[in-house]
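Q: Right, I'll just put the structure down here and ask away after.
The values are calculated or read from the model by the stated rules, or taken from the named source; none is laboratory data. Given the structure is predicted, the values throughout are model-derived calculations rather than measurements. Please note: Cβ atoms are built from the backbone with ideal geometry, for glycine as well, and neighbour counts cover all protein chains shown.
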Amino acid sequence: MSKKINKIIQAIFPALLMVSGALLTGAILIIISGNDPIAAYAALLEGAFSNSYRISETFVKAIPLMLMALGVSIAFKNQIWNIGAGGQFTIGTILSVIVCLYFKLPPIPTIILSFIFAFIGGALWGGLAGWLKARFNANEVITTLMLDYIATYLLAYLVYGPMMDPNGFGYPQSAVIEKVLRLPKLIVGGRLHTGIFVAIAILFLMLLFWRSTLGFKIELAGQGNDVSRYAGIDNKKIIVITMLLSGGLSGIAGWNEIHGIHLRLMTDLAGSYGSIAIVIALLGNLNPLGIAISAYFFSVLIVGGNTMQNLTGIPYSLVDIIQGLIVVFVITRTAFRTESIQTFFRKRRYQHNG
Amino acid sequence: MDNIFTATFFVSIFASTIRLATPILLTALGEIYTQRSGILNLGLEGTMTMSAMAGFVCAYFSKNLFIGFLGGIIVGMICSAFMAFLSITVRANQVIAGTALTILGIGFSSFIYRIIFGIQKLPPQVESLTKFDIPLLSSIPYIGTIFFQHNLIVYLAYILAVFSWIVLEKTTFGLNVKAVGEHPRAADSKGINVSKVRYTAVIIGGAFAGLSGAFMSIAYMNSFSDTMIAGRGFIAVAVVVFARWNPLRAMVGSLLFGIASALQIRFQAIGVPIPNQFLLMLPYLVTIIALITVSKKAEFPSAYTKPYSRMER
């Protein structure tokens, strides 16, 4: 048991160190800008926790971020750099709203069908990049990025064109989905909704997933072509499956945002979620629990950051800087860690030879 | 409606195509050096935003556009030197390092801008670069308006495309850049300093992106906003792949993106009921298709995104 606790501490400690490093650098920037860092971070915390609405907002924001980061983490485990989670999310939102507005079904089947469509939509959008990589060796960084833009313009086309709300005074948005299709709210005066249970369920599924055969195969495929080929894994098939699942989770995040928060399509629903999801997945060390914690942490930063800007005049962009710094710390650490492992093995080999 | 497709319409579309293609072309040209050396710099969006801010701030306080461009270029070089450090010295994953650079660049530029100027009712402005009509040529009907009535940076971008092609194809330096991108070990054994060439290539890329960022804030517009780059850094990466690492083809790619946005802006302005989103989508689709054909022929630099270490086999 104490071994297990030790292991957990070992996993969390570096993450805490990197977050503190980023926050400290942020504090230095605040001082340079002529402000008080303690007041700034106090305002940030106040903005995130001072009343029940704000606390509920931290969870509201954390749900899609966690789902997308979980999706991104599947691809990253296989060393596939899916940077288009935003596009996969967008396709999920589009299909959810299509099911809700045009499939004249009873409420429960609609919600379920919407969920399935959002998953499949996101999965196909990601899977397409996976297939292009497996079939044509097309670099997934470029394809997921391009598909991200294509999804954004597709959404814009729909809300400016065929799906524009006929009673919406020409605003670029779709009609609102019916009241019965909304996920019930959990607290009065906040936006927190039952979608959080879906998110928690998926978090548990992900924990199980990495213990399953498929999860193991994906992880093994990420260790390099040779390793997995010796283990008898069809690498190309695994690439496509990895990207299907990766995109699918972002699609579910889209479903969640439509039924829980936005209730309609608008332009640029994904915002910068795609890149924040990457940061979260990395800080969480691609581990589902780690991702859940870092998603919540970033959500606090985002919710509190606005209050900080209003109260102290320190720009919200400080939150972006902290995010960027965390990524820099994470990759630097990862690079040095692999380096030291390699040196270790080389030394052993030399000793053996000598 | 019937008579919008007149000669004037086409002349103005083509003229703005050339102008809109300029920042994309500049950034793409720099990224060609970078990628040819085996480094994928995905942080161009952040670099350009930083340079747009730096260019604006320098031009605003010095009242001199030249200093603005210089400031933009220097900041672009600093940003990309950081990228080079992460991907060459630290040997971090380049995709993630680029993502970090983009987030950091946009965050820092907006932070610094706010610290310097605070919140103002009217955004501070500079006198932006005026257009320079090339004597004689600019008075040729149609052709003159399309090609020879732009500001100097626009002409410079197209000249640099030809120049970069010569550098990469005809000089020793270009050969070295390609060598470390294709086969770093062989290059190393021939006595080429792999890290040095890669650092140089990435920093050249930063200088181009820096000029392009400054172009956005003090030549294309006359003010700064942290969203003004609007994906151009990523589009430039797409153009590089579309162009298969050839500066002259990058010109074609940039013009393709340029005409799509020129048509979109114009159609939107006159309210043509053509879904212009498909127009905007087209270049991205073409890039994916180009990528498929490129990848099949394996024209990617062989050491693309692979860090080099002398010790590894």
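Q: If a residue must be farther than 13 Å from A:Ile142 by Cα and either basic (Lys, Arg) or within 12 Å of another protein chain (Cβ to nearest Cβ) (or both), how many such residues does the stretch B:226-243 contain?
A: Qualifying residue count for the region: 5.
Q: Same structure again: Residue check: is B:Ser80 within 23 Å of the chain's Cα centre (by Cα), within 14 Å of chain A (Cβ to nearest Cβ) and either in a helix (DSSP H, G or I) or farther than 25 Å from A:Val330 by Cβ (or both)?
A: Criteria not met by B:Ser80.
Q: Next up: Output the residue which, of all residues in the stretch A:268-277 that are more than 8 Å from chain B (Cβ to nearest Cβ) and modelled with pLDDT under 95, is farthest from the chain's Cα centre (by Cα).
A: A:Asp268
Q: Pairs under 7 Å by beta carbon, first residue without any contact (Cβ under 8 Å) to a residue 40 or more places away in the chain and within 13 Å of chain B (Cβ to nearest Cβ) in the stretch A:278-298, partner part of a loop (DSSP other than H, G, I, E, B) and polar (S, T, N, Q), six or more apart or different chains?
A: Pairs that qualify, where the first residue is without any contact (Cβ under 8 Å) to a residue 40 or more places away in the chain and within 13 Å of chain B (Cβ to nearest Cβ) and the partner is part of a loop (DSSP other than H, G, I, E, B) and polar (S, T, N, Q): there are none.
Q: Out of everything in the stretch B:102-127 that is under 18 Å from the mean Cα position of the chain (by Cα) and of a type in the set (Gly, Ala, Ser), what residue ends up being surrounded by the fewest Cβ atoms within 10 Å (Cβ to Cβ)?
A: Top of the filtered list is B:Ser109.
Q: Scanning for something within 14 Å of chain B (Cβ to nearest Cβ) and surrounded by 14 or more Cβ atoms within 10 Å (Cβ to Cβ), does the stretch A:189-199 turn up at least one residue?
A: Checked against the condition, which is being within 14 Å of chain B (Cβ to nearest Cβ) and surrounded by 14 or more Cβ atoms within 10 Å (Cβ to Cβ), the stretch A:189-199 yields no hits at all.
Q: Under 9 Å between Cβ atoms, which residue pairs at least 6 apart in sequence (or on different chains) link something in the stretch B:255-274 that is under 11 Å from B:Leu20 (Cα atoms) with a partner that is charged (D, E, K, R) and at pLDDT 85 or above?
A: Pairs found: B:Phe257/B:Arg232; B:Gly258/B:Arg19; B:Ala262/B:Arg19.
Q: Give the stretch B:113-125 a look and list any residue that's in contact (Cβ under 8 Å) with a residue 24 or more places away in the chain, assigned to a helix (DSSP H, G or I) and more than 9 Å from chain A (Cβ to nearest Cβ), or say none.
A: Within the stretch B:113-125, B:Ile116 is the sole residue that qualifies.
Q: Using the structure shown, decide if A:Ile261 is surrounded by fewer than 24 Cβ atoms within 10 Å (Cβ to Cβ) and in contact with a His (Cβ under 9 Å, 6 or more places away or on another chain).
A: yes
Q: Quick one: in the stretch B:87-101, of everything that is in a helix (DSSP H, G or I) and within 7 Å of chain A (Cβ to nearest Cβ), which residue is surrounded by the most Cβ atoms within 10 Å (Cβ to Cβ)?
A: B:Ala100
Q: Still on this model: Quick test for you: out of A:Leu155, A:Leu203, A:Leu207, pick the one residue that is within 14 Å of chain B (Cβ to nearest Cβ), in contact (Cβ under 8 Å) with a residue 40 or more places away in the chain and either farther than 22 Å from A:Gly271 by Cβ or part of a helix (DSSP H, G or I) (or both).
A: A:Leu155
Q: Among the residues of the stretch A:1-54, count how many are charged (D, E, K, R) and within 20 Å of A:Thr307 (Cβ to Cβ).
A: 3
Q: With respect to A:Lys77, determine if the residue is more than 11 Å from every other protein chain (Cβ to nearest Cβ) and under 25 Å from A:Leu154 (Cα atoms).
A: No; evaluated as a whole, the condition is false for this residue.
Q: Can you say whether A:Arg229 is among the basic types (Lys, Arg) and assigned to a loop (DSSP other than H, G, I, E, B), as far as the supplied structure shows?
A: no
Q: Also: Identify all residues within the stretch A:306-328 that are buried (at least 24 other Cβ atoms within 10 Å of the Cβ) and away from chain B (no Cβ under 11 Å); write none if there are none.
A: A:Met308
Q: Now, a different point. I'm trying to understand the selection: among the residues of the stretch B:185-197, which are within 15 Å of B:Thr89 (Cα to Cα) and either assigned to a helix (DSSP H, G or I) or touching a residue at least 24 places away in the same chain (Cβ under 8 Å) (or both)?
A: B:Val194, B:Ser195, B:Lys196, B:Val197
Q: Report, ordered by the first and then the second residue, all pairs with beta carbons closer than 7 Å, sequence separation of six or more or different chains, a first member in the stretch B:19-47 that is farther than 12 Å from B:Ile229 by Cβ, and a second member that is assigned to a helix (DSSP H, G or I) and among the charged types (D, E, K, R).
A: Filtered contacts from the stretch B:19-47: B:Arg36/B:Lys178; B:Ser37/B:Arg198; B:Gly38/B:Arg198; B:Ile39/B:Arg198; B:Asn41/B:Glu31.
Q: Looking at (1) away from every other protein chain (no Cβ under 14 Å); (2) small (Gly, Ala, Ser); (3) over 30 Å from B:Gln268 (Cα atoms); (4) surrounded by 24 or more Cβ atoms within 10 Å (Cβ to Cβ), find the lone condition where A:Ala48 falls short.
A: (4)
Q: Checking A:Thr332 against (1) modelled with pLDDT under 90; (2) more than 14 Å from every other protein chain (Cβ to nearest Cβ); (3) surrounded by 15 or more Cβ atoms within 10 Å (Cβ to Cβ), which single condition isn't satisfied?
A: (2)
Q: Right, something else. Here is a list: B:Tyr142, B:Tyr158. Which entry is of a type outside the set (S, T, N, Q) and under 18 Å from B:Ser212 (Cβ atoms)?
A: B:Tyr158
Q: Which of the residues spanning the stretch A:158-178 are crowded, with 17+ Cβ neighbours inside 10 Å and within 9 Å of chain B (Cβ to nearest Cβ)?
A: A:Leu158, A:Tyr160
Condition check ((1) aromatic (Phe, Trp, Tyr); (2) in contact (Cβ under 8 Å) with a residue 24 or more places away in the chain) across all residues:
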site	(1), (2)
A:Tyr53	yes, yes
A:Phe59	yes, yes
A:Gly71	no, yes
A:Gly84	no, yes
A:Thr93	no, yes
A:Leu101	no, yes
A:Pro106	no, no
